[in-house]
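> Please see the structure below; I have some questions.
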Amino acid sequence: MHLAAHFPGVNNTTVWADPRSRSQIEFSSFEHLARTAERGKFDFFFLAEGLRLREHNGRVHDLDVVGRPESVTVLNALAAVTEKLGLAATVNATFNEPYELARRLATLDHLSAGRAAWNVVTSSDAFTGENFRRGGYLDRADRYTRAAEFVATARELWDSWTPDGTSRPFTHEGPQFTISGEFTVPRSPQGHPVVIQAGDSDEGREFAASAADIIFTRHGTLEAGRTFYADVKARLAAYGRQPDSLKIMPGVTVVTGDTDAEAQENAAEIRRQQVSPQNAILTAEQIWGTDLSAYDPDGPLPDIDPVPDSEITQGRVRHGDPSPSSRLRSSRGGPISIVARWRALAEAKGLSLRQTVIETTTRQSFIGSPATVAAELTAFVDERAADGFILVPHLTPGGLDDFVDRVVPLLQESGAFRSEYTGSTLRSHLGLPEPVWKG
């Protein structure tokens, strides 16, 4: 089993009101979570990225006011206070350039002695694009085209130094990038930093099969996980790759207690804290696409229809949208169908608006005693629903403490997880070979 830790950052998972919650930008928070993950022998520590403060109903999104520090910079600092833990940065392939990013990642790989990883994300968001010189955005159909060439170009740059330390000029000519020169950073300890792809779409799955070492995904049930796992692994052969060359690691939350019943109570309380009355209205506004401040979150669902093509939310996909191109145009997957399902659920169970949000937006979780959680995690791996998990705690920075102290020892005792690191690089933790040099 592979395990990674996701710094909670600015998202709906974090319980902000908990007195144990600390800063999202002070280095001590990043250091605590990273050290805890390394104490638990995790494969890597994972940072997200935000390139613009999101807006909702014309104002900066409440969760963004804590700030969004640049991930590679933070990881360079963490390299000095950790020894074995992999360090994964999310960096957007739409609003960066191959030479500059390849240089930053190669530097991190050198500074960390071979522990760097790049989570490749893309964007078709014109709102975010306004922050950049190019402005505008890429058409959704072109995002992965650019990303695929971006990754290939970065690998050409990393390969422009021979394994024995000789620099060679590089030239790349393609639809997205035409560059030439000499790369300034010698070949790094891993050859290439580990590449992670985050995405569940068909495009994302194909891109991961062709170019990634890890796919960061989510699936809510064992059966859904098995279906996703089989689909993605089956795509690898077309690219001459073996099943073990791509690790499937869904993002999950874990809530424990001394008993299963206590864990369920703890999880219910966490959900109530995550979905405050204010957050319930905000979530509903993303679906309905209009101001719902006049509605009582503890009252019934709004009795109005969703607003087509609303721009109430900027800088993030509107809740419930399968993709921007299908926004409110699909009777099956968009907000119109979600509103219908919510109304049916609320009527059947007698739920308020807030209760409906709580019940329908719960992230996939493993809830139970340490023994129950350990057994369920192991079952997901044994049943080929995942190769491991990226844990997204609800507290910053102490949200992993309980898992590392109580669940990890059980996984180690059963042989499902390592007791000690057997190598020093992230590739060694993941069982991935060093890339063959293609000079």
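The values are calculated or read from the model by the stated rules, or taken from the named source; none is laboratory data. On a predicted model such as this, the values are computed, not experimentally measured, just so you know. Glycine also receives a Cβ, built like all others from the backbone with ideal geometry; neighbour counts cover every protein chain displayed. Quick note on the areas: whole protein, heavy atoms, side chains included, nothing else; ligands and nucleic acids left out. Shrake-Rupley method; radii C 1.70, N 1.55, O 1.52, S 1.80 Å.
> Counting other Cβ atoms within 10 Å, keep those with at most 11, restrict to DSSP loop, and tell me which GluC sites (Glu not before Pro) in region 151-242 are left. List each step's numbers first, then the result.
Values: sites: GLU156, GLU173, GLU182, GLU203, GLU206, GLU223; in loops: GLU182.
Filter output for region 151-242: GLU182.
> Grab the DSSP H runs of the chain that are 4 residues or longer, score each as -39,500 (n - 2.57), total them, divide by all residues and round the 222 nm result to the nearest 500 deg cm²/dmol.
Details: 14 runs with 156 residues, N = 439.
Theoretical 222 nm ellipticity from helices: -11000 deg cm²/dmol.
> For ASP303, what charge total do you get from the other residues with a beta carbon under 13 Å from its beta carbon, if Lys and Arg give +1 and Asp and Glu give -1? Please report the intermediate quantities before stating the final value.
On the way: positive: ARG343; negative: ASP296, ASP305, GLU347.
Charge balance in the 13 Å sphere: -2.
> Right, another one. Tell me, what is the per residue accessible area of the chain in Å², probe radius 1.4 Å?
Values: 18780 Å² over 439 residues.
That works out to 43 Å² per residue.
> Roughly to the nearest percent, how much of the accessible area of region 169-244 is carbon and sulfur, given a 1.4 Å probe? Write down the numbers at each step before the final one.
Values: 1780 of 3470 Å².
The value for region 169-244 is 51 percent carbon and sulfur by accessible area.
> Just add up the charged neighbours of PHE380: K/R +1, D/E -1, any other residue whose Cβ is under 12 Å from the Cβ of PHE380.
Numbers: positive: ARG226, ARG384; negative: GLU223, GLU376, ASP382, GLU383, ASP387.
Here the charged neighbours net out to -3.
> Any chance you could list the semi-axes, whole Å, largest first, of the equivalent ellipsoid that the Cα gyration tensor gives for the chain, using √(5λ)? Present the calculation step by step, with values, prior to reporting the outcome.
Numbers: eigenvalues 251, 149, 81 Å².
Semi-axes from the Cα gyration tensor: 35, 27, 20 Å.
> Suppose we keep just the DSSP beta bridges with both residues in region 137-291; what percent of those would be antiparallel, to 5?
On the way: 6 of 13 bridges.
So the antiparallel bridges amount to about 45 percent of the total.
> Moving to a separate point now. Using per-residue counts of other Cβ atoms within 10 Å, averaged over each peptide, order 370-383, 20-33, 184-197 from highest down.
So the peptides 370-383, 20-33, 184-197, ranked by packing, come out 184-197, 370-383, 20-33.
> Further question on the same structure: How large is log10 I(q)/I(0) at q = 0.28 Å⁻¹ when the Debye formula is applied to the Cα atoms of region 175-242, each weighted equally and without solvent?
These q points yield log10 I(q)/I(0) values of -1.22.
> While we're on this one: Name the shape class, rounded, prolate or oblate, that the alpha-carbon gyration tensor gives for region 147-195, where a ≥ b ≥ c are the square roots of its eigenvalues, rounded holds for a/c under 1.5, and otherwise prolate holds if a/b is larger than b/c and oblate otherwise. Let's see the in-between values first.
Working: a/c = 3.18, a/b = 1.35, b/c = 2.36.
The shape class here is oblate.
> Please state the relative contact order of the chain as a whole percent: Cα pairs under 8 Å, 6+ residues apart?
Numbers: 824 pairs, mean separation 101.1, N = 439.
Relative contact order here is 23 percent.
> Let me ask you something else. Roughly how many debye, to the nearest 20, is the charge dipole of the chain about its Cα centre, given +1 on each Lys and Arg Cβ, -1 on each Asp and Glu Cβ, and no other charges? Kindly include the intermediate steps, with their values, before the conclusion.
Values: 45 positive and 58 negative charges, 135 e Å.
Here the size comes out at about 640 debye.
> Could you tell me what percent of the DSSP beta bridges with both partners in the chain are antiparallel, to the nearest 5? If you can, show how the numbers build up before the last one.
On the way: 10 of 44 bridges.
Once the DSSP bridges in the chain are tallied, antiparallel ones form about 25 percent.
> Could you tell me the extents of region 342-416's C-alpha atoms along the three principal axes, largest first, rounded to whole Å?
In descending order, the Cα extents are 47, 31, 19 Å.
> Further question on the same structure: Check cross-link reach from LYS41 to the lysines: straight Cα distance under 20 Å, and skip same-chain residues fewer than eight apart.
LYS84, LYS247
> Please give me, ordered by residue number, the trypsin sites (Lys or Arg not before Pro) of region 91-134 that lie in loop per DSSP and have at most 10 other Cβ atoms within 10 Å.
Values: sites: ARG103, ARG104, ARG115, ARG133, ARG134; in loops: ARG115, ARG133, ARG134.
Loop-located and lightly packed - ARG133, ARG134.
> Count charges around SER167 for me, please; just the other residues with Cβ under 14 Å from its Cβ, Lys/Arg as +1, Asp/Glu as -1. Numbers along the way, then the final one.
Numbers: positive: ARG103, ARG168, ARG187; negative: GLU156, ASP159, ASP164, GLU182.
Cβ neighbours under 14 Å give a net charge of -1.
> Still on this model: With the chain treated as a Gaussian network of Cα nodes joined by springs under 10 Å, which of ALA263, ALA48, ALA340 yields the largest mean-square fluctuation?
The residue that fluctuates most here is ALA340.
> As an exercise, use a Förster radius of 30 Å and the Cβ-Cβ distance of THR361 and THR73 to find the FRET efficiency, rounded to the nearest 0.05.
On the way: r = 32 Å, r/R0 = 1.06.
Here the calculated transfer efficiency is 0.40.
> Something else now. Any chance you could check the Cα centroid distance between region 159-234 and region 19-39 for me, in angstrom?
Between the Cα centres of region 159-234 and region 19-39 lies a distance of 28 Å.
> Given contacts defined as C-alpha pairs under 8 Å and at least six residues apart, what's the relative contact order of region 147-299, whole-number percent? Mind dumping the intermediate values first?
Values: 159 pairs, mean separation 20.1, N = 153.
Relative CO of region 147-299 lands at 13 percent.
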